[in-house]
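Structure, as structure tokens:
The values are calculated or read from the model by the stated rules, or taken from the named source; none is laboratory data. Source: prediction; values computed, not measured. So basically every Cβ, Gly included, is an ideal-geometry build from the backbone, and we count neighbours across all protein chains shown. Keep in mind that these areas ignore ligands, DNA and RNA; they rest on the heavy atoms of the full protein, side chains included. Shrake-Rupley method; radii C 1.70, N 1.55, O 1.52, S 1.80 Å.
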Amino acid sequence: MNRLIKRMPAPCQLNPDAWFPEGATGQVALGQMKSAAAVCNSTCTIRATCLAVAMRAEGTADGKNRHGVFGGLTPTERAKLAERRRQAVARAVEQALAA
Ligand code: SF4
């Protein structure tokens with residue numbers, strides 16, 4: 001996914017380390033990612049596409065198996081979004097089968 005993001009005309013290209021704080025851990029890493037996500041959400045013109053690509057590429061991975069900021073969301077936030085989407089699909093299927 002890093003190769004993909006490097007081709008995008010986006011703010012993260014200027015300082016990729018801020019979007020992928022590999023040397024930092026815990027609250028420090030989370031703080032760096034929150035700052036990067038704020039840039040995504042306030043200035044990036046391809047945020048929706050970036051998030052869609054990341055969600056598709058990461059599938060059903062949990063927060064520990066997602067890395068860096070994509071589409072203005074941290075790995076944990078993307079994992080929660082994936083779970084909400086999974087639950088919405090499950091509810092829709094249940095409703096369709098009950099109809
Ligand atoms: S949404 Fe964020 S991570 Fe995605 S391309 Fe834009 S600046 Fe980069």
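Each label point was placed 7 Å from the Cα along the Cα-to-Cβ direction; for Leu30 and Ala61 their separation is 2.0 nm.
Give me the percent relative contact order of the chain, please, defined on Cα pairs under 8 angstrom at least 6 residues apart.
Working: 97 pairs, mean separation 23.6, N = 99.
Reported as a whole number, the value is 24 percent.
Kindly list the residues of region 11-45 that lie in the label zone of Ala52, defined by a backbone N under 15 Å from the point 7 Å along the Cα-to-C-beta vector. The answer is 45.
Across region 25-33, rounded Karplus estimates of 3J(HN,Hα) from the backbone phi angles (6.51 cos²θ - 1.76 cosθ + 1.60, θ = phi - 60°) give 9, x, 5, 5, 4, 5, x, 5, 5 Hz, Gly and Pro being marked x. Think of a 1.4 Å ball rolled over the protein heavy atoms: region 5-80 then has 59 Å² of accessible area per residue.
Here the Karplus relation 6.51 cos²θ - 1.76 cosθ + 1.60, evaluated at θ = phi - 60°, turns the backbone of region 78-95 into coupling constants of 5, 5, 5, 4, 4, 5, 4, 5, 4, 5, 5, 5, 4, 5, 5, 5, 4, 5 Hz, with x for every Gly and Pro. What the Cα atoms of the chain give is an Rg and a Dmax of 15.1, 52 Å. Heavy-atom surface analysis with a 1.4 Å probe gives the chain a carbon and sulfur content of 56 percent of its accessible area.
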